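The values are calculated or read from the model by the stated rules, or taken from the named source; none is laboratory data. Note that the coordinates shown come from a computational prediction; the quantities given were computed from them, not determined experimentally. Virtual Cβ from ideal backbone geometry, glycine too; neighbours counted across all protein chains shown. To get the accessible areas, we keep the full protein, side chains included, count just its heavy atoms, and leave off ligands, DNA and RNA. Shrake-Rupley method; radii C 1.70, N 1.55, O 1.52, S 1.80 Å.
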Amino acid sequence: MKFKIREMQASEYGALETFLYAAIYIPAGAVKPAHEIIYQPELQVYIKNFGEGTADFCFVAEVENEIVGAAWSRIMNDYGHIDNKTPSLALSVLKNFRRAGIATALMKNLLEKISAEKFKRVSLSVQKENLPAVNLYKKLGFKIFAENESEYIMIFEN
């Protein structure tokens with residue numbers, strides 16, 4: 001599958017709602033929550049007023065001029081929050097476009113940008129049972145920083 005990675009344009013920030021919803025991990029057999037869940041405050045931190053923060057960076061993947069994936073960062077008090085100097089990131093690829101190298105390409109571009117902007121590390125939160133994501137992050141160099149019963153907080157240090 002041919003895809004192109006590029007920075008998201010400000011006029012496209014509204015699409016982050018789609019990717020925030022797609023990023024919600026649904027265990028096998030579980031019912032997917034209603035789309036409105038993304039309007040809860042603990043999820044809105046990922047996208048509300050995106051583009052206004054010093055660590056608000058986003059890369060998207062395009063297939064035939066359609067955005068099919070996004071990786072974005074910002075300093076926010078989210079599930080992967082470590083401190084107010086470390087951006088947290090989110091990653092989402094639409095289901096029909098997974099396992100094609102898109103997530104890896106998105107992450108590499110985002111990590112390069114974060115490093116170029118002089119941030120020393122980046123964090124994320126991932127469900128322990130989401131093994132494809134955990135393995136991807138480990139392959140990219142993320143290490144487990146902390147954990148609770150259901151998730152890891154992982155960091156990548158430059």
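Among the listed values (1) 15.7; (2) 18.4; (3) 16.9, the one matching Kirkwood radius over Cα pairs in Å as calculated from this structure is (1). Remark: relative contact order (the chain) = 20 percent; criterion is Cα-Cα distance under 8 angstrom and separation of 6 or more residues. 3J(HN,Hα) along the stretch 97-105: 10, 6, 6, 10, x, 5, 4, 4, 5 Hz, from the Karplus curve 6.51 cos²θ - 1.76 cosθ + 1.60 with θ = phi - 60°, whole Hz, x for Gly and Pro. Each residue of the stretch 3-10 is assigned a 3J(HN,Hα), and the resulting list reads 9, 10, 9, 8, 6, 6, 7, 4 Hz, derived from the Karplus form 6.51 cos²θ - 1.76 cosθ + 1.60 (θ = phi - 60°), x at Gly and Pro. Surface composition of the chain: carbon and sulfur make up 49 percent of the accessible area, probe 1.4 Å. Accessible surface of Tyr21, taken over heavy atoms with a 1.4 Å probe and every protein chain present, rounds to 40 Å². Ranked by the mean number of other Cβ atoms within 10 Å of their residues, highest first, the peptides 130-137, 58-65 come out as 58-65, 130-137. Distances between placed amide hydrogens fall under 5 Å for Met76 paired with Ser88, all partners being 5 or more residues away or on another chain.
Could you tell me the center-to-center distance, by alpha carbons, between the stretch 74-99 and the stretch 120-148 in angstrom? So the two Cα centres are separated by 10 Å.
Per residue, what accessible area does the stretch 51-158 have, given a 1.4 Å probe and all protein chains present, in Å²? Spell out each step's value before the answer.
Working: 5620 Å² over 108 residues.
On a per-residue basis, 52 Å².
3J(HN,Hα) couplings calculated from phi for the stretch 63-74 with the Karplus curve 6.51 cos²θ - 1.76 cosθ + 1.60 (θ = phi - 60°) are, in sequence order, 10, 6, 6, 10, 6, 10, x, 8, 10, 9, 9, 5 Hz; Gly and Pro show x. Which pairs break 23 Å Cα to Cα here: Lys48/Lys143; Lys48/Lys128; Lys2/Lys128; Lys32/Lys128? As for pairs spanning more than 23 Å Cα to Cα, those are Lys48/Lys143; Lys48/Lys128; Lys2/Lys128.
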